[in-house]
Amino acid sequence: MQNLTENPAGSLAFAWRSTQNRETAYVEIAPFRSGPDFSELVERFNAEHHQVYFHGLTDHYFKATVGELTPDTRYLVRVGSDCCRSEWFEARTAPEAFEPFSFIYVGDTQNDILSYAPRVYRNIATHFPDARFVMHAGDLVLSSGDDDTWGEFYEAGSWLFRQIPQFPAPGNSDHNRWTLEPVDTRKLYPQWHATFNLPGNGPEGLEGVTYYVDYPGMRLISLYSNFESMADDRHIYIREDLRVTHELVASQTEWLENVLASNEQPWTAVVFHHPVYTARNDRENEWLRNEWKDLFDWYGVDLVLQGHDHLYSRGHGPDSLETGSVPVYAISLAGPKMRPADKNHTWFDVVHEGIQMYQAIHVSEKELRYEAFGQKRELLDAFVIARDSNGTKHFTDLWNN
């Protein structure tokens, strides 16, 4: 698994797991070559070793971050130990300064992952082979699953997860059902913390869950939106000893405002699981709106990318057009669990049901172009946010016009 670091132009982050207990594991890295003669250029970096005990199984996880690399440069990488190593795969650092780039956004994979998610990832890899990273809006796996649900996730992404960095935000289904009595208690899968090698720049307690990356030209922000623990009948834990509380949620909101206020990138994308505005008829997220919506408006967030509703929808909030052309809110899904939309909602301009989808976002200096696709690569939505010389942004709907 490859992830973005806080310094994507100068470092690369990797994580992997094995049934083998190897105290010494490592990443090997070399400058990219078209031929096989690069053994003398290989450098080795030791990995940190973590154990995860889950449902009677013990897996061994490893993480390594390689720094002091050259910006906008391709490398060959493999991971493992003396007994067993991966194939050589490619990794690429970000440019030092802004250059046009594309990235992919997907919603929930969650159910029957190995049966249905691989075709989404194959389409991503072949349709947009130069995409710089993949952003996940939560519910990567199934809350009622065992360790196999993570095995399906790894296999579904296969070599794509090694070749392109993944930028995940946790959803409610990424929390395992710990106990139901006397209180419904759920805990973020321990595999989450072990699987991803993510920046630790979030608020205390939410490291590796809430975080941000400045990819040259865009600030990328992952938020934790699992606020069910605010209700008395449910307890949610980030780790065994860390329950989600009002204080923790408040610290994340304070952190978010600081991250938005200090942003010097021309574009901003925020990803989290629960929608600010639902497209369903059986759920609302008033607490989340109260926490974040005004911050998104005030600081001019461009994209708010979400999941959870098991359908596709896109639009502005009911009153967002009064404050400008952004943010644009999107909800999507990549897996097979489908739900109908409530057409009585007025916030969305586009809605699709019963389709596994993926979205490509193309970022240039003066324009952010968004495209949504089904599995026939059919275009199902598109819009542009243009940025003029004084920084004012203008939204154009390419789907409804």
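What the table shows:
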quantity: Given Lys293/Lys366; Lys293/Lys343; Lys187/Lys393; Lys63/Lys293, the pairs whose alpha carbons are separated by over 29 Å; calculated: Lys187/Lys393; Lys63/Lys293
quantity: Two-site FRET efficiency, Asp130 against Gln375, from Cβ-Cβ distance with R₀ of 30 Å, rounded to 0.05; calculated: 0.90
quantity: Viscosity 0.890 mPa s, 25 °C: Kirkwood-radius Stokes-Einstein D of the range 1-56 over Cα pairs, µm²/s; calculated: 176 µm²/s
quantity: Value in Å of the Kirkwood radius, where the chain supplies the Cα pairs that are averaged; calculated: 21.5 Å
quantity: D_trans [Stokes-Einstein, Kirkwood Rh over alpha-carbon pairs] for the range 253-327, 25 °C, 0.890 mPa s, µm² s⁻¹; calculated: 188 µm²/s
quantity: Distance (nanometres) between label positions extended 7 Å along Cα→Cβ at Cys83 and Glu96; calculated: 4.3 nm
quantity: CD proxy at 222 nm, helix term only [per DSSP H run n ≥ 4: -39500 (n - 2.57); per residue of the chain; nearest 500]; calculated: -5500 deg cm²/dmol
quantity: Efficiency of FRET between Leu57 and Thr392 - r from beta-carbon atoms, R0 35 angstrom, step 0.05; calculated: 0.05
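Read the figures in this text as sums done on the coordinates, not as results from a lab. Remember, it's a predicted structure, so these values are computed and weren't measured experimentally. Every residue, glycine as well, gets a Cβ built from its backbone with ideal geometry; the counts of neighbours run over all protein chains shown.
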